[in-house]
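In what follows, a structure is listed as structure tokens, so that the remarks can point back to it.
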Amino acid sequence: MPSNVEIKARVSDVAKFAEKAAQLSQSEGTIIRQHDTFFNCTSGRLKLRDFMNGSGQLIFYERPDTDGPKLSRYSISPTTDPQSLKTVLSDALGVKGEVKKERRLFLIGQTRVHLDTVEGLGHYMELEVVMRQEQTVEEGQQVAEDLMQQLDVSQQSLVTGAYMDLLLKGPTET
């Protein structure tokens with residue numbers, strides 16, 4: 001199963017973060033609109049990501065709900081009919097909730113840097129260090145920590161869990 005090392009944090013100054021990410025990635029980033037539907041499941045998280053253009057991905061992942069860099073293992077299956085798949089999964093498993101966001105994606109080395117505007121939550125960033133087969137978790141965590149420093153992400157801004165978890169706790173607009 002593929003894996004990455006992830007962190008998630010609140011962003012208080014979107015323009016400053018975007019500027020630093022653009023400098024490091026040498027690009028303005030790519031805007032991606034996403035509508036994620038989370039389904040009830042007994043272990044990990046199962047979500048259907050609709051890219052709002054007729055394509056999507058069914059994603060299962062497992063990761064600890066801790067702040068700071070953490071290992072996430074995932075499986076992804078593409079779909080060309082996310083709405084039909086959503087109906088089937090909703091009937092079979094029930095819907096836990098939905099997350100709507102606009103994501104600005106920057107690529108920095110082996111890391112996907114996301115600047116997200118999440119409906120009902122505000123502005124966040126995610127780092128996903130896509131692990132190479134020969135890399136240790138510690139090496140991935142070091143890549144994430146180094147990038148956190150370069151992007152001025154403070155320990156105090158780190159959050160645990162998924163956006164779905166934060167939405168279920170209640171709105172805290174940033």
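The values are calculated or read from the model by the stated rules, or taken from the named source; none is laboratory data. As the structure is a computational prediction, the values presented were derived from the model and not from experiment. Neighbour counts are summed over all protein chains in view; Cβ atoms, including those assigned to glycine, are modelled from backbone coordinates with ideal geometry. Just the protein is used for accessible areas: all its heavy atoms, side chains included, with ligands, DNA and RNA removed. Shrake-Rupley method; radii C 1.70, N 1.55, O 1.52, S 1.80 Å.
In the context of the full protein assembly, H123 retains an accessible surface of approximately 50 Å², using a probe radius of 1.4 Å and ignoring ligands and nucleic acids. What the Cβ-Cβ distance of Q156 and C41 gives, at R0 = 22 Å and to the nearest 0.05, is a FRET efficiency of 0.10.
In the context of the full set of protein chains, residues of the chain present 52 Å² of accessible surface per residue (probe radius 1.4 Å, heavy atoms only). For G68, nonlocal amide neighbours, meaning residues 5 or more places apart or on other chains whose placed amide H falls under 5 Å from its own, are K8, V159.
For D165, D36, give the ranking by accessible area with the largest first, probe 1.4 Å.
D165, D36
Within the chain, what whole-number % of the accessible surface is contributed by carbon and sulfur, with the 1.4 Å probe and all protein chains included in the calculation? Heavy-atom surface of the chain belonging to carbon and sulfur, 1.4 Å probe: 48 percent. Relative contact order for the stretch 55-174: 24 percent, from Cα pairs under 8 Å spaced at least 6 residues apart, divided by residue count.
Remark: spin-label model distance E28-L71 equals 4.0 nm, labels positioned 7 Å along the Cα→Cβ axis.
If the segment from M52 to T136 were pulled out straight at 0.36 nm per residue, it would be longer than the present Cα-Cα gap by 26.7 nm.
Let me test this: with uniform point scatterers at the alpha carbons of the stretch 57-161, what is the Debye-based log₁₀ I(q)/I(0) at q = 0.15, 0.20, 0.22 1/Å? The calculated log intensity ratios at q = 0.15, 0.20, 0.22 Å⁻¹ are -0.79, -1.26, -1.40. Across all C-alpha atoms in the stretch 107-173, the radius of gyration and Dmax reach 13.5, 40 Å. Loop-located trypsin sites (Lys or Arg not before Pro) in the stretch 44-145 (DSSP state other than H, G, I, E, B) with a sparse environment of at most 13 neighbouring Cβ atoms within 10 Å: R132. Here is how the number arises for the chain: DSSP H runs of 4 or more residues each give -39500 (n - 2.57), the sum is divided by the residue count, and the result at 222 nm is -8000 deg cm²/dmol. When all protein chains stay in place and ligands, DNA and RNA are ignored, the 1.4 Å accessible-area order of T79, T42, T37, T117, largest first, is T42, T117, T79, T37.
Rolling a 1.4 Å probe over the protein heavy atoms leaves S12 with an accessible area of roughly 120 Å².
Span-like helix criteria (full DSSP H runs; alpha carbon extent of at least 18 Å along the helix axis; mean Kyte-Doolittle hydropathy of at least -1.0) are satisfied in the chain by 137-150.
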